[in-house]
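Asker: Pasting a structure below so you can have a look.
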Amino acid sequence: FREGARATAAGRGLAGGMDIPDLTAVDRLDAESLLAILTERYEAEQVYTYIGPILVAVNPLKALPIYGEAEARKYREAGSRADVPPHVYRIAHEAFSEMVDERMNQSVVVSGESGAGKTETTKHIVRMVSWASAHALGLAGDSGGGVGAALEAKLLATNPILEALGNCRTLRNDNSSRFGKFIKLHYSALGKQVGAHIDTYLLERSRVVRQNSGERNFHVLHALTGGLDEVERDELGVGRVSDYHYLGRRSAKESALKKSSEFADDAEVWGRTLRALSALGCSDGDVAEVRNALAAVLALGELEFDGSETNEGHSSLPSNPALLGKSATRLGVEAADLSSKMCTRYVAAPDGWFTVHLTVQQCCNARDALAKALYGRLFDWLVARANASICPDEGFDGGEEEEEGKAQAEAGGFIGILDIFGFESFQTNSFEQLCINYAN
């Protein structure tokens with residue numbers, strides 16, 4: 001590919017892509033020319049390139065020394081884009097400056113293929129606008145002191161939770177986001193960061209109950225099986241990854257990520273998730289409920305059903321009463337009630353309600369629907385807890401300080417960051433993936 005790109009560049013007089021930071025300067029811009037220039041810049045570790053107002057980022061797949069407060073200062077102090085190399089910091093600084101100077105709300109859309117680096121780019125934007133806010137307020141060290149620093153810390157603390165519950169391994173990416181999020185950063189009229197809010201979209205709940213070959217379930221479900229201590233494991237009745245239908249019944253070795261992945265160590269992922277929950281103000285009781293809900297999801301996947309034909313039609317029941325009791329305990333319901341809800345449904349008729357007994361396949365579908373709904377509700381609840389920590393309407397202690405915070409948010413503006421989950425094409429594509437690809 002690189003040889004072809006170089007040949008294209010040479011044939012079209014595009015050699016010297018390092019000198020083309022903005023592709024709108026190219027006379028003939030088509031796919032081949034674009035790729036030729038991006039390839040040359042990428043090989044020189046120039047991973048950012050403009051196309052007018054658009055910034056193209058090519059994932060270097062390694063750490064580069066182009067981030068941090070010193071680099072941020074360079075982009076903040078530059079008179080124009082032409083004075084500095086292309087960078088996500090410049091995009092973030094322009095959004096902040098226009099919000100403050102023009103009194104106009106801003107949004108940055110981050111889209112691309114799975115594994116392109118969208119989530120990391122979003123983190124860089126959040127940090128840059130926090131530093132820009134601190135500088136605008138004259139805070140020493142550009143560290144975003146006071147409310148801004150606290151909000152940035154809490155906002156970044158949501159990442160381990162959202163990644164653990166919303167990301168997984170796909171065929172293209174060991175940490176693919178299977179949901180979209182819109183982060184709203186609220187500012188006062190002077191540019192002081194006063195709050196934030198996260199909206200999430202289209203969590204791929206179908207992944208909870210089935211995955212394509214070579215893929216994994218959400219990180220947190222794997223982490224639960226490898227991160228609990230023996231006391232917690234016995235208390236919740238949690239086994240190993242190979243014990244669970246929803247985890248593919250694969251060995252730990254088969255389901256493991258490559259060692260370079262930050263999600264390779266299940267115990268570390270679980271510990272990181274617990275620390276993030278604590279940072280958001282979750283109590284020990286809240287954390288226990290999170291553990292319990294995740295264990296309930298895995299337990300539901302172990303339920304199987306036996307069916308028979310009678311004169312009245314189908315009749316199905318859970319085949320293992322012990323597993324049914326275990327799932328019911330985790331859910332806090334009676335085993336008979338759980339069995340009834342998965343094995344029958346009620347139908348309205350002119351003369352009242354009557355009970356319909358489900359087939360084995362219909363019982364399995366009801367089981368999976370319950371597991372997906374439970375996981376989705378848990379995800380939404382954790383996002384709500386995060387918002388309670390960072391929202392301007394809820395992130396103040398009350399009294400005059402709370403009223404001041406609300407007034408500042410109303411008088412100022414916001415910067416929105418839309419992190420669209422990645423385009424992928426699987427062997428079998430879910431409805432959520434259709435929506436994801438259409439959005440991209």
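Asker: Could you please find all residues in the range 330-373 being in contact with a Pro (Cβ under 9 Å, 6 or more places away or on another chain) and without any contact (Cβ under 8 Å) to a residue 24 or more places away in the chain?
Answerer: Answer for the range 330-373, where residues must be in contact with a Pro (Cβ under 9 Å, 6 or more places away or on another chain) and without any contact (Cβ under 8 Å) to a residue 24 or more places away in the chain: ALA335, LEU338, SER339.
Asker: Mind listing just one residue for me: the one in the range 179-234 that is β-branched (Val, Ile, Thr) and in contact with a His (Cβ under 9 Å, 6 or more places away or on another chain) and, of those, nearest to CYS363 (Cα to Cα)? Give the steps one after another, and end with the answer.
Answerer: Of the range 179-234, the ones β-branched (Val, Ile, Thr) are 183, 194, 198, 200, 208-209, 220, 225, 231.
Checking the rest, the ones that are also in contact with a His (Cβ under 9 Å, 6 or more places away or on another chain) come to 183, 194, 209.
Values: ILE183: 39, VAL194: 49, VAL209: 14 Å.
Once the filter is applied, the top-ranked residue is VAL209.
Asker: Just need a number here: residues in the range 331-373 that are open to solvent by less than 40 Å² (accessible area, probe 1.4 Å), charged (D, E, K, R) and modelled with pLDDT under 95.
Answerer: So the answer is 0.
Asker: Follow-up. Going by the conditions given, is VAL109 at pLDDT below 90, open to solvent by 20 Å² or more (accessible area, probe 1.4 Å) and of a type outside the set (Gly, Ala, Ser)? Give the steps one after another, and end with the answer.
Answerer: Values: at pLDDT below 90: no; open to solvent by 20 Å² or more (accessible area, probe 1.4 Å): yes; of a type outside the set (Gly, Ala, Ser): yes.
Considered against the rule, which asks whether it is at pLDDT below 90, open to solvent by 20 Å² or more (accessible area, probe 1.4 Å) and of a type outside the set (Gly, Ala, Ser), VAL109 comes out as no.
Asker: Same structure, new question: From the residues in the range 266-307 that are closer than 30 Å to GLN362 by Cα and among the β-branched types (Val, Ile, Thr), which one is surrounded by the most Cβ atoms within 10 Å (Cβ to Cβ)? Outline the logic, then answer.
Answerer: First, pick out the residues of the range 266-307 that are closer than 30 Å to GLN362 by Cα: 289-307.
Now drop any that are not among the β-branched types (Val, Ile, Thr), which leaves 290, 297.
Numbers: VAL290: 22, VAL297: 27.
By that ranking, first place goes to VAL297.
Asker: Can you tell me how many residues in the range 125-150 are under 17 Å from ILE198 (Cβ atoms), open to solvent by 20 Å² or more (accessible area, probe 1.4 Å) and either touching a helix residue (DSSP H, G or I) at 6+ places or on another chain (Cβ under 7 Å) or at pLDDT 85 or above (or both)?
Answerer: Qualifying residue count, the range 125-150: 1.
Asker: I need the full set of residues from the range 63-106 which are outside any helix (DSSP H, G or I), hydrophobic (A, V, I, L, M, F, W, C) and open to solvent by 70 Å² or more (accessible area, probe 1.4 Å), in order please. I'd like the intermediate steps shown before the answer.
Answerer: Initially, the range 63-106 is screened for residues outside any helix (DSSP H, G or I), giving 63-68, 78-80, 84-87, 103-106.
Among the residues that remain, those that are also hydrophobic (A, V, I, L, M, F, W, C) are: 63-64, 66, 78, 84, 104.
The answer is ALA63, MET104.
Asker: Farther than 24 Å from ALA150 by Cβ and either open to solvent by less than 30 Å² (accessible area, probe 1.4 Å) or modelled with pLDDT of 95 or more (or both), is that true of THR39?
Answerer: The answer is yes for THR39.
Asker: Identify all residues within the range 211-239 that are touching an Asp or Glu at 6+ places or on another chain (Cβ under 8 Å) and not hydrophobic (A, V, I, L, M, F, W, C); write none if there are none.
Answerer: HIS219, HIS222, THR225, GLY226, GLY227 - these are the residues of the range 211-239 that are touching an Asp or Glu at 6+ places or on another chain (Cβ under 8 Å) and not hydrophobic (A, V, I, L, M, F, W, C).
Asker: Continuing with this model, one more query. Being without any contact (Cβ under 8 Å) to a residue 24 or more places away in the chain and not polar (S, T, N, Q) narrows it down to one of ALA256, ALA296, so name that one. Can you show your working first?
Answerer: On the way: ALA296 fails: without any contact (Cβ under 8 Å) to a residue 24 or more places away in the chain.
Result of the check over ALA256, ALA296: ALA256.
Asker: Mind counting the residues in the range 51-71 that are aliphatic (A, V, I, L, M), under 16 Å from HIS135 (Cβ atoms) and either modelled with pLDDT of 95 or more or under 25 Å from the mean Cα position of the chain (by Cα) (or both)?
Answerer: Looking only at the range 51-71, we keep the residues that are aliphatic (A, V, I, L, M), and these are 51, 54-58, 61, 63-64, 66, 70.
This time we only want the ones that are under 16 Å from HIS135 (Cβ atoms), so: 70.
Checking which are either modelled with pLDDT of 95 or more or under 25 Å from the mean Cα position of the chain (by Cα) (or both) leaves us with none.
Looking only at that region, the number is 0.
Asker: Go through the range 312-334 residue by residue and tally those that are assigned to a helix (DSSP H, G or I) and within 12 Å of ALA299 (Cβ to Cβ).
Answerer: Initial filter on the range 312-334 (assigned to a helix (DSSP H, G or I)): 321-331.
Narrowing further to those that are within 12 Å of ALA299 (Cβ to Cβ): 322-331.
Matching residues across the range 312-334 total 10.
Asker: When both residues are 6+ apart or on different chains and their Cβ atoms are under 6 Å apart, which pairs have a first residue that lies in the range 147-173 and is part of a helix (DSSP H, G or I), and a second that is open to solvent by 20 Å² or more (accessible area, probe 1.4 Å) and at pLDDT below 80?
Answerer: Sorted first by the residue in the range 147-173, then by its partner, the list stays empty.
The values are calculated or read from the model by the stated rules, or taken from the named source; none is laboratory data. This structure is a prediction, so every number in the text was calculated from the model and none was measured. Here the Cβ is made from the backbone with ideal geometry for all residues, glycine too, and neighbour counts use every protein chain on show. Keep in mind that these areas ignore ligands, DNA and RNA; they rest on the heavy atoms of the full protein, side chains included. Shrake-Rupley method; radii C 1.70, N 1.55, O 1.52, S 1.80 Å.
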